[in-house]
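What follows is one structure encoded as structure tokens, with my remarks underneath.
Any read-out appearing in this document is the output of simple, stated calculations on the displayed coordinates, not a laboratory observation. Please read all numbers here as calculations on a predicted model, not as lab measurements. Cβ coordinates were reconstructed from backbone atoms using ideal geometry, including for glycine residues, and neighbour counts include every protein chain displayed.
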Amino acid sequence: MTAQDDEVALSLARLRRAGWLPASDLPFAQAEERAAQAGRQVIIADGEDGAAAVAVLTWQGTEPAGSKSSPWLPRRTLPANATKTLVVAHALLTDPLASRSAVTQVQVLAVIRLLTSRDADSWAVPALQQVLPQAGLLILLDEGWAAGPVMRAWDPPTRDVMRHAARRLWEHPMWPVTRHG
Amino acid sequence: MDDEVTDEEEVIAAVRALEAADGPLRSRDWPALADARLCQLVVHRLRGLGRQLLPVMDEAGSAVAGYLSTWSDEAAHDIAGALSGLQEDDLALLTLIYLHWEILGRVLGENLRPVTEQLDAYEGSTGRDAIQGESRRDSLTRLRARQLITVDNRPGPALKRLTPAQRTWLDQNLVLLLRPDHTWAEEIRQSRQARVSGMEAT
């Protein structure tokens, strides 16, 4: 392996570690080729609010699914409470009538309280602050939580499932009517 | 020709599975891991991503029970200093937990108190409790989210992904931490300095 090959490999390792990198930090053509040889894909996503484009490491086609029968593939799934928090945060971020680029913790907790009539602080706050950012699904900006690199690189089937879940929340009679943030 | 296509598909399927898996994969499930030639291709593809194939031995240590993928040793050094979202207290807690289970428990075979009691009893250099209450809970949550510890505060599955070279590096760090004035610690410092100088020279 040449020194240039090593540098491409290190770039991809940094990308995997960080979840995203400024696109300019990556030797894109070589990294894309190397990722493709491993069934992965490097995509370029627009930065938030006009920021520089970012590179994200994702999967070719759909993401490998966990399997408990042969071929056995153990995969860690999000805890149920983190999944609930993600569904609510995603629905807030993609609400077509609100045009939000970020949501606050207060907004997420308030929506869960509206939908369930229960406080969710004990489980939604750790999900927002720890689990979802660690999974690359959300990222903390000055104005709140925005779509993280993994959410922005979702494959079409995942995106469809989440859009369907969001649509059901938007149609819920208790979904907040406050618009534009 | 058909066989070559199949082989390529098998290699990519194995690499994808390794990169997604949360635990070791069995070679009987993934043909590319059972075939020496294809396994070399898997190794090569992983290396291209800054990753490497890590055989996991059975309990007796006599046979390969499965495979994981992990950082290559070069990538591990490269990214070790990158921000990981962990704070200083998190790393201190991880060190104490690792010392508790791995060194006191496994290596020295001591009868251990529950790790939470041990953490309660720990006093920092000022004589005050070091990491307590909400701060400790937050740290443990961050460590669990990264699989560095388990829900019962034992060393987590992420530590099983260390290559022999990475485990040696960790063991050396423990020597530097616990016996900084020992001659062995001095040898470690010198060998690391020589390594850094060598890298800078190339």
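Around the Cα centre of region B:25-87, unit charges on the Cβ atoms of Lys, Arg, Asp and Glu (plus for the first two, minus for the last two) sum to a dipole of about 240 debye.
Local charge sum around B:D181 (other residues, Cβ-Cβ under 14 Å, Lys/Arg +1, Asp/Glu -1)? That works out to 0.
Taking θ as phi - 60° and the Karplus parameters 6.51, -1.76 and 1.60, the scalar couplings of region B:22-37 work out to 9, x, x, 9, 8, 5, 5, 8, 10, x, 5, 7, 8, 9, 4, 5 Hz in sequence order, x denoting glycine and proline.
Taking every alpha-carbon pair under 8 Å whose residues sit at least 6 apart, chain B reaches a relative contact order of 14 percent. Taking Cα atoms only, the orientation of helix B:2-20 departs from the longest principal axis of chain B by about 10 degrees.
GNM on chain A, alpha-carbon springs under 10 angstrom: the most fluctuating residue among A:A124, A:A38, A:A135 is A:A38.
In chain A, a dipole from Cβ-located charges (positive for Lys and Arg, negative for Asp and Glu) runs towards its positive end, and of A:S101, A:W170, A:Q134 it is A:W170 whose Cα lies farthest in that direction.
Helix-only arithmetic for chain B: the sum of -39500 (n - 2.57) across DSSP H runs with n ≥ 4, divided by the residue total, places the mean residue ellipticity at 222 nm at -16500 deg cm²/dmol. A Cβ-based charge dipole, computed about the Cα centre of region A:80-170 with Lys and Arg at +1 and Asp and Glu at -1, lands at about 280 debye.
Remark: the protein assembly as shown carries a charge dipole of roughly 980 debye about the Cα centre, counting +1 on each Lys and Arg Cβ and -1 on each Asp and Glu Cβ.
In region B:88-201, taking the dipole from charged Cβ atoms about the Cα centre, the farthest positive-side position among B:P164, B:L148, B:L177 is held by B:P164.
Would you please classify the overall shape of region A:80-170 from the alpha carbon gyration tensor, given that a ≥ b ≥ c denote the square roots of the eigenvalues, rounded means a/c under 1.5, and beyond that prolate means a/b larger than b/c while oblate covers the rest?
Details: a/c = 1.36, a/b = 1.15, b/c = 1.18.
Rounded, since a/c falls under 1.5.
Could you tell me whether the protein assembly as shown comes out rounded, prolate or oblate from its Cα gyration tensor? Rule is a ≥ b ≥ c as square roots of the eigenvalues, rounded for a/c under 1.5, then prolate if a/b exceeds b/c, otherwise oblate. Show your work: numbers first, answer last.
Numbers: a/c = 1.66, a/b = 1.16, b/c = 1.43.
Oblate shape, in that a/c is at least 1.5 and b/c is the bigger or equal ratio.
Of interest is the spacing of the C-alpha centroids, which for region A:126-171 and region B:134-171 amounts to 26 Å.
Rounded if a/c is under 1.5, else prolate if a/b beats b/c, else oblate: with a ≥ b ≥ c from the C-alpha gyration tensor eigenvalues square-rooted, which is region A:3-59? The shape class here is prolate.
Per residue of chain A, what 222 nm ellipticity follows from adding -39500 (n - 2.57) for every DSSP H run with n ≥ 4, rounded to the nearest 500? Write down the numbers at each step before the final one.
Details: 7 runs with 77 residues, N = 181.
Mean residue ellipticity at 222 nm (helix-derived): -13000 deg cm²/dmol.
When chain B is treated as a GNM with alpha-carbon contacts under 10 Å, the residue of B:Q52, B:Q190, B:Q118 showing the greatest mean-square fluctuation is B:Q190.
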